[in-house]
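Participant: Next up is a structure, given as structure tokens.
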Amino acid sequence: MAFYMNRSSSYVPGRNRVVDDIMRAWQEKYCTYTEVNVCVSTFNVNGQQAPRNIMGWFPRDKKADFYIVGLQEIDQSFGAHIIDNVKKEIDWIECIRNSLPNPNDYIKIRSHRLVGVFIVMFKLVKCNVHVSEVKSSMLATGISVMGTKLGNKGGTGISLKLNDSRICFINCHLAAGNGELKRRNQDFRDLTNLTFDWYASIWSHDAIFWFGDLNYRLADDMPYTNEEIREIAATEYAHFLLQYDQLNGEKKRGQVFTGFEETPPAFRPTYKYDVGTCQWDSSEKDRAPAWCDRILWRKLDPYTHITQTSYDSLEAVVLSDHKPVIAYFRLRLRTIDQQKMDKSYEDAVWEAY
């Protein structure tokens, strides 16, 4: 498992399946556990300039130990693929920091940007979790120009160890458009090849949190007109439309996000709104409402515990044509006692033979 990697112990996983099974079963002999509160949020900001802060983005009554925020479309300028506009990144970092409850209580761990796809992570200063081996990466999945894919679509990720648990956070922006379902699926498959340095794939972690503007829409063949969809989406029965949600459908077919979990959204569709309002799109494109913005997670180690405590959108935020989505989790982290682990390994060898 991921938490055995890069250890000086003589135990090396994968050499003997019986020993591996015993060591997993005996984990509590050499591990102690700590629970932390983690907040994950995604927001497609539609190229808008970062305000000083966004009131109500991170409620003060739900203070987390870690905040991880993924933004999309922070830079939609013509030259964004050529010129690295660091100022936009800095402005959004400050906006997010100023939106946190008691901003001075947090420090930035890492940020990473691919054109307009941006991820940043903050930690509560007084949280005594040990943070190490912090890495970040990106992968472009946009249209190909002279053999190189543009970064208007793609993903950014952060990999790190929290105590002795290895956690991965991925923010992405998948292909847009009602008729681009296959491209969205392929973008996801491409992003599963994201690596951190030469050796660490996303699958080498104990848990993955994956979020962003996934751009999945409502099915093209659903039996409702755009006007009927809008009427339903504006009511308390909006969840009825989730049976036609492309992401749910593709997950059930095993095309994307196999093994990932998501609490069914109990909030209204997060796209598309007229900027500055809570009104559905009135442009000539006349987009039908959809749950484009999502947060999913997957446990790769069966002993890693993740409990989602809330999942919501923030309808009052009218900066963009999307609404931010926010989720809170309880995440159990392990700490390995190396001496106890070495002793358990010796006993496991005897037990196996």
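Values in this text are rule-based calculations from the coordinates and carry no lab data. Not measured: the values here are computed from a predicted model. A quick note on method: Cβ atoms are made from the backbone with ideal geometry, for glycine too, and the neighbour counts reach across all protein chains shown.
Participant: Take the alpha carbon atoms of the chain, find their radius of gyration, then divide it by 2.2 N^0.38 Å using N residues; give the quotient.
Facilitator: 1.04
Participant: Treating the angle as unsigned and between 0 and 90°, give the value, to the nearest 10°, between the Cα long axis of helix 181-191 and the longest Cα principal axis of the chain.
Facilitator: Approximately 30 degrees, to the nearest 10.
Participant: List, in the order given, every pair from K135/K161; K62/K87; K87/K108; K63/K108; K149/K252; K108/K161 whose Cα-Cα distance in the structure shown is over 19 Å.
Facilitator: Distance filter (> 19 Å) returns K62/K87; K149/K252.
Participant: Would you kindly derive the ³J(HN,Hα) couplings of region 273-290 from the backbone phi angles with the Karplus curve 6.51 cos²θ - 1.76 cosθ + 1.60 (θ = phi - 60°), listing them in order in whole Hz, with x for Gly and Pro?
Facilitator: For region 273-290, the Karplus-derived couplings read 10, 5, 4, x, 9, 10, 9, 4, 3, 10, 6, 5, 6, 6, 4, 6, x, 7 Hz, x marking Gly and Pro.
Participant: What are the ³J(HN,Hα) values, in whole Hz, obtained from phi via the Karplus relation 6.51 cos²θ - 1.76 cosθ + 1.60 with θ = phi - 60°, for each residue of region 30-38 in sequence order, with x given for Gly and Pro?
Facilitator: Per residue, the Karplus-derived 3J(HN,Hα) values read 10, 10, 10, 10, 9, 9, 10, 9, 10 Hz.
Participant: To continue, here is another question. Using the Cα atoms as the points, what is the convex hull volume per residue of region 34-128 in Å³?
Facilitator: It comes to 90 Å³ per residue, whole-number rounded.
Participant: Need one number: % antiparallel among DSSP beta bridges in the chain, to the nearest 5.
Facilitator: 80
Participant: On to the next question. Give the aspartates and glutamates reachable from K251 as a straight Cα distance under 12 Å; neighbours fewer than 8 places away on the same chain don't count.
Facilitator: E261, E262
Participant: Quick check for me: using +1 on Lys/Arg Cβ and -1 on Asp/Glu Cβ, what's the dipole size of region 32-352 about its Cα centre, in debye to the nearest 20?
Facilitator: Charge dipole, region 32-352, about its Cα centre: 560 debye, nearest 20.
Participant: What is the gain in length, in nm to one decimal, between E315 and E236 on full extension, counting 0.36 nm per residue of separation less the C-alpha to C-alpha distance?
Facilitator: Extra length available between E315 and E236 comes to 27.0 nm.
Participant: What is the gain in length, in nm to one decimal, between Y224 and D61 on full extension, counting 0.36 nm per residue of separation less the C-alpha to C-alpha distance?
Facilitator: The span from Y224 to D61 would gain 54.7 nm if fully extended.
Participant: Next question. Would you grab the residues whose amide H sits under 5 Å from the one on N44? Only those 5+ places off in sequence or on another chain, please, with H modelled 1.01 Å from N.
Facilitator: Close amide H contacts, sequence-distant or interchain: Q72.
Participant: Please give every one of the aspartates and glutamates within straight-line cross-link reach of K123, meaning a C-alpha to C-alpha distance under 12 Å, and leave out same-chain neighbours fewer than 8 residues apart.
Facilitator: K123 reaches D65, D105.
Participant: While we're looking at this one, here's another question. Using the per-residue mean of other Cβ atoms lying within 10 Å as a proxy for protection, in what order, highest first, do the peptides 245-256, 155-166, 171-182 fall?
Facilitator: Result, highest mean Cβ count within 10 Å first: 155-166, 171-182, 245-256.
Participant: Tell me whether region 148-211 comes out rounded, prolate or oblate; compute the Cα gyration tensor, take square roots of the eigenvalues as a ≥ b ≥ c, and use a/c under 1.5 as the rounded threshold.
Facilitator: Since a/c reaches 1.5 and a/b is larger than b/c, the shape of region 148-211 is classed as prolate.
Participant: So what J values fall out for region 242-259 if you push phi through Karplus, 6.51 cos²θ - 1.76 cosθ + 1.60 with θ = phi - 60°, rounded to Hz, Gly and Pro as x?
Facilitator: Whole-Hz 3J(HN,Hα) from phi for region 242-259: 5, 5, 9, 5, 4, 4, 4, x, 5, 4, 4, 7, x, 8, 8, 6, 4, x.
Participant: Now for a separate question. Are there trypsin sites (Lys or Arg not before Pro) in region 13-85 that DSSP marks as loop and that have at most 14 other Cβ atoms within 10 Å, and which are they?
Facilitator: Of the trypsin sites (Lys or Arg not before Pro), the ones in loops of region 13-85 whose Cβ has at most 14 other Cβ atoms within 10 Å are R15, R52, R60, K62.
Participant: C278 to E261: extension gain in nm, 0.36 nm per residue of separation minus the Cα-Cα distance?
Facilitator: The span from C278 to E261 would gain 3.3 nm if fully extended.
Participant: Would you mind computing, in nm to one decimal, how far apart the modelled labels at D91 and Q338 are, each placed 7 Å from Cα along Cα→Cβ?
Facilitator: Distance between the two pseudo-spin positions: 4.7 nm.
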